[in-house]
1. Per residue, what accessible area does region B:41-103 have, given a 1.4 Å probe and all protein chains present, in Å²?
2. Applying 1/(1 + (r/R0)^6) with R0 = 30 Å to the Cβ-Cβ distance of B:GLU110 and A:CYS45, what FRET efficiency is obtained, to the nearest 0.05?
3. Name the residues whose placed amide hydrogens come within less than 5 Å of the amide hydrogen of A:ALA77, ignoring near sequence neighbours (fewer than 5 apart) on the same chain.
4. Could you work out how far the C-alpha centroid of region A:58-112 sits from that of region A:268-290, in angstrom?
5. Would you look at the GNM of chain A, springs on alpha carbons closer than 10 Å, and say which of A:GLY272, A:GLY352, A:GLY324 moves the most?
6. Once both axes come from the Cα atoms, what is the angle between helix A:57-69 and the longest principal axis of chain A, in degrees from 0 to 90, rounded to 10?
7. With all protein chains present and a 1.4 Å probe, how do A:LYS227, A:LYS362 order by accessible area, largest first?
8. Using a 1.4 Å probe, what is the accessible area per residue for region A:286-326, in Å²?
Amino acid sequence: MMEILEGSHAVAEAVRLCRPQVVAAYPITPQTHIVEALASMVADCKLDAEYICVESEFSALSACLGASAAGSRVYSATTSQGLALMFEVCFNVAGMRQPVIMTIANRALGAPLNIWNDQQDSISLRDSGWLQFYAEDNQEATDLHFIAYKVAEDHRILLPAMVCFDGFILTHTYEPVDMPSQEAIDAFLPPYKPVTILDAKKPMSLGMYATPDYYMEFRYETDQAQKRAKEVFAEVGAEFAAKFGRDYSGLVEGYRLEDADMAFIALGSICGTVREAIDEMRAEGKKVGLLKIRSFRPFPSEEIRATLSGVSKVAVLDKNISLGQKGAVALEVRDALYGSGIDVKGYILALGGRDVRQADIKAIADLLEKGEGDQFFGLRTEVL
Amino acid sequence: MTEECELFECGHRACGGCGPALAARLIMKGTGENTIIVASTGCMEVFSTPYPETAWGVPWIHSLFENAAAVASGIEASLKKQGRDEHVVCICGDGATFDIGMLCISGAFERGHDITYICYDNEAYMNTGIQRSGATPYDADTTTSPAGKCSTGNQRPKKDLPAILAAHGATYVATASIAYPNDLIKKVQRAVSTHGPNYIQVHAPCATGWGFDGSQTMAVGRLAVETGLWVNYEMMNGEVERVRKVAHRKPVDDYLSVQKRFRHLYRPGRNEEEIAKIQAIADANARKFGVDLNVKKEE
Ligand SMILES: Cc1ncc(C[n+]2csc(CCOP(=O)(O)OP(=O)(O)O)c2C)c(N)n1
Ligand code: SF4
């Protein structure tokens, strides 16, 4: 059913349809509306879940780990400082192969304190073992929750997943969203069937310590599960498309790339701005296109190579920076395109919520044409 | 395998005479098999679960050093939702409990989860090599509170965690000692059958960290109680209910002089001033809890 919903409320509604049995989360801007909405759903008996009012994000994810290990479908949401506080637990949840789903309302990390959007928070956890999916709009943010649960809980995968959507730009924006019915989601996403759980009738130990004789094999297996997630994501995305008519089967999604010789690469809501800019540039005769990365973990290297085979120049837009190096996405794209002869330039932009307009995207296209890149874009040099 | 070691199996890698290993065995007798154990990083986790072996005959989970209480909160909520009724029991060291885990414990107790949190108190971080914790007693020598020319060891008294958790609204709070096995088992039974957040602190001498012969664990544990440096008591809803009395309290020397961690109080000569301070701690304990038999508790 089509509804006009705030992004956070659309996500909360999607989470409700997934029937989590335990929810544990701690408020932080711009994620707060999600947990508030879920709390009132529980209070109104619209969501039959245990809602644990934890005292911190550290406990939120720890409680999710315990609840998941005991056999329940669980949910959390956070951003920025909250995610940073969870760092240690994030590695633990992935290492213990618990399919926890967590929404990240992407926000900058302090200092300086800044509540606005960039993607430094989730990107900083790229090596933790969590699957990471990025939404362009609120419809996609909604749908990715159904898909994330199904992929994460698949017995070939058993990994936690972050569904990332841009703070304020999406969380606080009202957009029409086609919300599936409970019956349709129940048919798509069956109840969670764990492989092993903490159960007094079948004792087993979980989270033991492993010596050098065994540790590496755990990391290897987690890496293999990440890689398998590409195929499973495509499968689940295709099934979703067949049932709901919206296609998320691709880990990447191209826009006007067929005859393009220049391409932008980006994650999340900025893709909307880039699409508009591309339409304008196309009208001016520039052959540009967009490659949106939907899944940052697993990283779709082969898909990027295949999709960009006809392109000669690529501009990667990064809402994050690995300080002392470059944007994380640019580095990974360059790795994916290594040896292809395609010129990859990175641009750091929109950190801490700085606005990006169509004109900026066009300016970046000009820089790329001149071969100028690997730099901050939109720096206010007068305040430096 | 004897029946005693059914739930905490005979096979583990603790030092000979390890108080915490004994505590685990006794605790499991109290919880029974319908139990899920949540552990923190520390000696016990390491000596009982080197992958792919485990000493635990019940479901057991370790996550991190500091989040056992939060993991237990999640497990409890998950069981509740599924209509299951296993006991959820944390077994954690004093470092995990007094120091780094306080945030999670405070949260879990304030929320009133139906869990039993048991701290095996060996009075320092043993797993990382004997560093002080908030549970380390006054004047104990540890690697981060070393006795030296200008120091007599740890300069702070033990944090009163039972009182702190009672103030959180814990239903049942108790202290126990591995030297009084039946008392410990009974307290565990009482805790797991009492609804709400419950706390037991078990005095568990560590032969390696305290420096005594592994055959003396029980004797050292008993001396702590007999000197009044450790008091076994029970609290229900914040009120002290029962205290183990001592007929003829022994001088603290009897306890201190058998442990290397207090050796500096006796060498080169007897440090009268410091030993008097420790005796004063024991006397204050005795007064506060009415430990001495035939002596009326001061008003
Ligand atoms: C966040 C974090 N900091 C430090 C450590 C290192 N560490 C592991 S166990 C431990 C001490 C454990 O002490 P305690 O809880 O008293 O248990 P014990 O080893 O004495 O049984 C420390 C400091 C860790 N694992 N995690
Ligand atoms: S160091 Fe102490 S607590 Fe650790 S195994 Fe040895 S005796 Fe037990």
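The values are calculated or read from the model by the stated rules, or taken from the named source; none is laboratory data. All values reported here derive from a predicted model rather than from experimental measurement. FYI the Cβ positions are ideal-geometry reconstructions off the backbone, even for glycines, and counts take in every protein chain you see. Just the protein is used for accessible areas: all its heavy atoms, side chains included, with ligands, DNA and RNA removed. Shrake-Rupley method; radii C 1.70, N 1.55, O 1.52, S 1.80 Å.
1. So region B:41-103 comes to 24 Å² accessible per residue, rounded to a whole number.
2. Result of the calculation: an efficiency of 0.75.
3. Long-range HN contacts for A:ALA77: A:TYR26, A:THR103.
4. Value for the Cα centre distance between the two parts: 35 Å.
5. Taking springs between Cα atoms under 10 Å, the residue moving most is A:GLY324.
6. 60
7. My answer, sorted largest first, is A:LYS227, A:LYS362.
8. Value for region A:286-326: 35 Å² per residue.
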